[in-house]
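Below is one structure, written out as C-alpha cells; the observations come after it.
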Amino acid sequence: GTRCMFGLTAVPTSSPFDFSRQALLGVPTDTPPPNMDPAAHFRAVLRMIVEFTAAADGGIFALFTSHRDVRQAAVELRALGLGADRPLLVHGEESRDMLLARFRESERALLLGTSSYWEGVDVSGHALRGLLIARLPFRVPTEPVTAAHCEAIAERGGDPFGEYMVPHAALRLKQGFGRLIRSTTDRGAIIIADPRVVTKSYGRALLEALPPARRILVDWNELSRQLREFYAVSNRP
C-alpha cells in the first residue's frame, strides 16, 4: 500500500567506501535560519557558494528548494563575476541533459538546481566534488501527494512531520551523498547551509541517517578554511 515504509531504523549496509577519509560533511553553525530570516540566509548561502567553488575549483552542485531561489542566485552570482572563469549552469536555462553534459565535460563548473535535480543524476569522478544544500529538502506540505500522506497519518493519530517529512528529507540528503561518492577514489564535501540540522531535535535523525563522513560543525570562516585544506589534498596529483 501507500504507507510510508522507509524509516530511519534500517540497518546500514556495509559500504566499500571510506567515508571518513573520502567525504566531509560541514554545517556552518553561524548561518541565519532560513525559516526565520530568509534574506540573511540567502546572502550567507551566496557567500558559501563563492568560497566553496573557489576551494574545490568547481565541480559543485548548489541545490535550492525553489526555482525562484535558483534564478535569484544565478542573477547575483553572475553579477559577482562567478560565471567569468568557469561555466555557471542554471537549472531551467537549458535542458537537464545538456546542463549535465556540460557539467561533466567542464569538470570545474558550478550548477545551480533544485533538490529534485539529483534524482537519477550520475556524475562520476572529478567532475562533481562538492554539494551545497541551501536548506533542508522537506517536501512542500501543500503538494497533493504530501498533503494526502500527512492527512492519513494525522487521522490515525500519528505525527506527519516526524513520520513522513523527516524520513523523506533524510532520504533526499542520503541520495545527495550517493551522488557525490560513487567510487573508492572520489572525494568530496557536502555543506548543509541550514542550521536546523543541528538546532532542532529532528536534525539529529537527519544527520544519523547519513554516511559516516567527517562531520564539521563550526562557523563558516573556520569551515571555509577546512574546505580549502581538504581540497588542497584532493587536488594534488
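The values are calculated or read from the model by the stated rules, or taken from the named source; none is laboratory data. What you are looking at is a predicted structure, and each value in this text was computed from that prediction instead of being measured. So basically every Cβ, Gly included, is an ideal-geometry build from the backbone, and we count neighbours across all protein chains shown. When the accessible area is computed, the model is the full protein with side chains, heavy atoms only, and any ligands, DNA or RNA have been set aside. Shrake-Rupley method; radii C 1.70, N 1.55, O 1.52, S 1.80 Å.
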| field | Restricting the range 117-183 to GluC sites (Glu not before Pro) in coil, as DSSP defines it, with at most 14 other Cβ within 10 Å | value | Glu119
| task | Could you state the angle between the C-alpha long axis of helix 220-234 and the longest principal axis of the C-alpha atoms of the chain, as a value from 0 to 90 degrees rounded to the nearest 10? | result | 60 degrees
| said: Sequence gap at least 6, Cα distance under 8 Å: using those rules, report the relative contact order of the range 118-237 to the nearest whole percent. | reply: 33 percent
| field | Over the chain: Kirkwood hydrodynamic radius from C-alpha pairwise inverse distances, Å | value | 18.3 Å
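Taking the Cα centre of the range 103-210 as origin, sum charge times position over the Cβ atoms of Lys and Arg (+1) and Asp and Glu (-1), and report the length of that vector in debye to the nearest 20. Could you put the intermediate results ahead of the total?
Numbers: 14 positive and 12 negative charges, 84 e Å.
Computed about the Cα centre, the dipole is about 400 debye.
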| query | Using unit Cβ charges (K, R positive; D, E negative) and no other charged atoms, how large, in debye to the nearest 20, is the dipole of the chain about its Cα centre? | reply | 360 debye
| note | Of the candidates His126, Leu112, Ile60, the farthest towards the positive dipole end of the range 26-136 (Lys/Arg Cβ +1, Asp/Glu Cβ -1, centred on the Cα centre) is Leu112
| said: Need one word for the range 130-237: rounded, prolate or oblate. Basis is the Cα gyration tensor (sqrt eigenvalues a ≥ b ≥ c); a/c below 1.5 gives rounded, then a/b vs b/c decides. | reply: prolate
| Of the accessible area of the chain, with the probe set at 1.4 angstrom, what percent is carbon plus sulfur? | 54 percent
| message | As I understand it, the dipole of the chain uses +1 on the Cβ of Lys and Arg and -1 on the Cβ of Asp and Glu, about the Cα centre. Which of Gln72, Ala152, Pro212 lies farthest toward its positive end? | response | Pro212
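Considering only protein heavy atoms, what per residue accessible area in square angstrom results for the range 45-147 with a 1.4 angstrom probe? Before the final figure, lay out the partial values.
On the way: 4420 Å² over 103 residues.
That works out to 43 Å² per residue.
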| If only Cα atoms are counted, what is the Rg of the range 45-117, and what is its Dmax, in Å? | 11.0, 28
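Taking only DSSP H segments of four or more residues, each worth -39500 (n - 2.57), what value at 222 nm results for the chain once the sum is divided by all its residues, to the nearest 500 deg cm²/dmol?
Details: 9 runs with 101 residues, N = 237.
About -13000 deg cm²/dmol.
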| Over the chain, what is the relative contact order in whole percent, taking alpha-carbon pairs under 8 Å and six or more residues apart? | 34 percent
